[in-house]
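Have a look at the structure below, then the notes.
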Amino acid sequence: MEQRRLGATGLYVSRLALGTMTWGRDTDEDDASSQLKAFVEAGGTLIDTADVYVEGESERVVGRLLQGVVRREDVVVATKAVSRRGSDRGRDASRGHLLTALDASLERLQTPYVDLWQLHAWDALTPLEETFAAVDVAVSSGRVRYAGISNYNGWQTAKAATWQRAWPGRAPVVATQMEYSLLQRGIEREVVPAALDLGIGILPWSPLGRGVLTGKYRGGTPADSRAASPDYQRFVAPYLDDRAQRIVGAVMTAADGLGVSPLAVALAWVRDRPGVVAPIVGARTAGQLKGSLDADDVTLPEEIRVALDDVSTPSVGYPEAWSRS
């Protein structure tokens, strides 16, 4: 698997990342072990988790697997903090919460450091300087190697990155994790231009449009799918409209023409977008993950890429279109 530079750093990671959001709940430890082995054998290095995934169980599973299934030095471990479940304050980027959350993550992951620590969401109640002072402490103490953000909009991305660049010695923002797929191209309006200008690598989450771009929902809702689950119905439902169906149809036409899966077409499209470093692929089983790993060899011909661009182009108006003219 090709290795790509993460933002403006000397760190290289695999161009696919392994997501672990379901580990410890929908994916048991045996399946997680099989996924991790297959991922590393295929040349994958970047593993993504978060402190709130399955109330910390995802990190615990990753931590146990790092003790024997793969070598810690062979992988790049990314996790996140800020979100708080079971609290009136759903986002907390205060110094106290962040550093306490980081220590808890390291304990669950059974590692003295994480390679990439990401702020999971913007916290409007905490001053930016307090939040990133905590990030600087995490990096300077050796508990974190690189810092990133997640789900920040355009101005938030630019503000955070510029603040960190304003004074020597601050830890730069090197990555942003955002939802990005043929069905969700909103980040192209402001976040992508900011990331390209500031040397920030993009890590797309849900690159398969919450599973819809695989084509599994064209004939209805399969009983074993996320859309049929009470936990995920609202997550998938926005991508089951007429626009999504047109885009899925174009993906399936392209897949038929190339002799590959719709998954491969959708994943190759987002993987090779400007600024993208590594789409994060998640799977409940090792068999599902195999489809994403097999797609790594697929490169879209220019005419197909352009056709997919056209059918999925997001609406852009003032001021974004004005600023680019």
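The values are calculated or read from the model by the stated rules, or taken from the named source; none is laboratory data. These figures come from a predicted structure and were not determined experimentally. Don't worry about glycine lacking a Cβ; one is built from the backbone with ideal geometry, like all the others, and counts go over all protein chains shown.
A few notes on this one:
- So Asp88, is it surrounded by fewer than 19 Cβ atoms within 10 Å (Cβ to Cβ), at pLDDT 95 or above and at negative phi: no
- Helices (runs of 4 or more DSSP H) lying entirely in region 260-325 (those with 3 or more residues that are over 18 Å from the mean Cα position of the chain (by Cα) and either surrounded by fewer than 14 Cβ atoms within 10 Å (Cβ to Cβ) or in contact (Cβ under 8 Å) with a residue 24 or more places away in the chain (or both)): 286-294, 302-312, 320-324
- The set of residues from region 283-325 being under 20 Å from Ser181 (Cβ atoms) and β-branched (Val, Ile, Thr) comprises Val298, Thr299, Ile304, Val306, Val311, Thr313, Val316.
- Pairs where the first residue, in region 99-126, is over 17 Å from Gly148 (Cα atoms) and the second is assigned to a helix (DSSP H, G or I) and among the aliphatic types (A, V, I, L, M), C-beta under 7 Å, 6+ apart: Leu109/Val62; Pro112/Leu106
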